[in-house]
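Okay, structure first, notes after.
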Amino acid sequence: MARSGELGEGRQPMTGPDDRTAARTPPRPDAATAAELTEDAIVRFRSDRPQHGWRGAVYKATGGLINPGIGPAERQRQDQLRRIRKPLPGSHQIAVSSIKGGVGKTTVTACLGLVLAENRGDRVIALDANPDAGTLADRLTAETSVTVRNLLDNIASTHSLTDVARYTSLAGRLQVLASEQDPAMSEAFNRDEYERVCEVLTRFYNVVITDSGTGLVHSAMEGTLALADSLVVVGSPTVDGASRASKTLDWLIAHGHRAQVDNAVVVLSCDRTSKEVDLDRVRGHFEERCRAVVEVPHDPHLATGGRIELPRLKPGTHDAFLGLAALLADGFGPRRAHDTAADPVQSAS
């Protein structure tokens with residue numbers, strides 16, 4: 001028997017509360033927040049289960065006993081999704097523009113909106129600011145009976161998300177605000193009215209994507225550029241499509257928007273292409289002028305001109321829009337000086 005004051009074999013000295021407190025490792029001054037405790041970070045192997053290709057086939061065939069890990073394509077997609085889901089403090093306005101029609105600008109707006117809305121947990125809205133009876137709502141919801149003109153007519157009594165929702169339609173998780181379909185009425189959609197609409201939308205939506213219509217000199221386009229946090233310029237890998245996209249950049253620089261051009265993303269819509277066009281040279285031209293270039297391959301579903309559904313896109317097309325969304329999400333940050341002081345997501349009542 002151990003004598004009083006001695007420890008028995010295998011026993012540890014008892015410590016009081018004060019001793020335990022003293023022995024505790026002090027917290028790191030640079031300790032991270034709860035944001036680092038994501039599912040991918042703390043659940044073992046969950047994010048490393050291959051889903052596609054030979055890696056996915058091996059994993060499924062062996063019931064998970066053999067896990068070759070994810071390949072470069074799946075790793076890239078995981079990275080893109082992580083970037084797309086980046087928290088957004090405030091609101092962010094994206095302008096999709098082109099000086100030339102028929103290059104896929106509305107298609108890019110629609111697909112970008114669908115991808116962002118599908119992969120983010122906040123509110124995303126696509127606004128058709130085309131002064132010539134735009135087709136954004138036709139491509140997404142086919143609902144054009146209520147338009148931005150109706151919102152403008154009642155904007156003084158629009159105080160909540162529910163009020164705004166009376167004038168939008170829904171494509172998946174994406175809210176859509178249609179343009180006026182009467183050309184005589186749409187001509188009156190000017191810069192002041194566009195800014196009034198955006199002042200309301202940025203109170204209740206985190207991401208506002210504007211399909212700005214063709215041309216750069218109409219009044220609403222001035223407002224679009226003045227409020228845009230990110231700019232997407234759409235062109236195509238053809239002589240006319242590429243030259244018009246480059247002239248769009250020239251015009252923007254000449255009118256004081258060089259910073260937006262430097263940070264812009266150029267989308268090359270490859271619905272029209274030719275082996276006689278040097279695609280590498282076209283891509284290189286825009287890479288020197290802008291932050292990034294995204295090529296959207298020809299897609300039979302988009303080529304119909306009908307309603308767009310993400311599950312019907314070819315994998316390569318979906319990947320291109322994931323890449324575009326990730327590039328734009330890289331720019332999500334503190335609100336610019338032009339933004340209103342109110343937080344964008346307020347009461348939904």
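Order 53-61, 242-250 from most to least packed using the mean count of other Cβ atoms within 10 Å.
Details: 53-61: 14.1, 242-250: 19.6.
Packing order, densest peptide first, comes out as 242-250, 53-61.
Taking amide H positions as placed 1.01 Å from N in the peptide plane, with prolines and chain starts having none, which residues 5 or more places from Ala126, or on another chain, fall under 5 Å of its amide H?
Gln175, Val176, Leu177, Ile209
Counting only other residues whose beta carbon sits under 12 Å from that of Ala326, what net charge do I get with K and R as +1, D and E as -1? List each step's numbers first, then the result.
Details: positive: Arg77, Arg82, Arg83, Arg85, Lys86, Arg120; negative: Asp79, Asp319, Asp330.
Net local charge, Ala326 excluded: +3.
Peptides 66-76, 120-130: what's the order by average Cβ count within 10 Å, highest mean first? Write down the numbers at each step before the final one.
Numbers: 66-76: 14.0, 120-130: 23.6.
Descending mean neighbour count gives 120-130, 66-76.
Which FRET efficiency, nearest 0.05, do Trp54 and Gln76 yield, Cβ-Cβ r, R0 30 Å?
For Trp54 and Gln76, the calculated efficiency is 0.95.
Which net charge results for the neighbourhood of Ile308, defined as the other residues with beta-carbon distances under 11 angstrom from its beta-carbon, given Lys and Arg at +1 and Asp and Glu at -1?
Result for the neighbourhood of Ile308: 0.
Of Lys60/Lys105; Lys60/Lys275; Lys275/Lys314, which ones are farther than 32 Å apart at the Cα?
Lys60/Lys105; Lys60/Lys275
If I take R0 = 22 Å and measure r between the Cβ atoms of Asn190 and Arg258 in this structure, what FRET efficiency does the formula 1/(1 + (r/R0)^6) give, to the nearest 0.05?
On the way: r = 25 Å, r/R0 = 1.14.
Efficiency computed from Cβ-Cβ geometry: 0.30.
Whole-Hz ³J(HN,Hα) for each residue in region 294-310, computed from phi via Karplus 6.51 cos²θ - 1.76 cosθ + 1.60 with θ = phi - 60°, x for glycine and proline: what do you get?
Result, rounded to whole Hz: 10, 9, 9, x, 4, 9, x, 5, 5, 5, 5, x, x, 5, 9, 10, 4.
Readers should treat all values here as calculations from the given coordinates under stated rules, not as data from a laboratory. Note that the structure is a prediction, hence the values are computed from the model and not measured. Because the Cβ atoms are built from the backbone with ideal geometry, glycine has one as well, and the counts that use them run over all protein chains shown.
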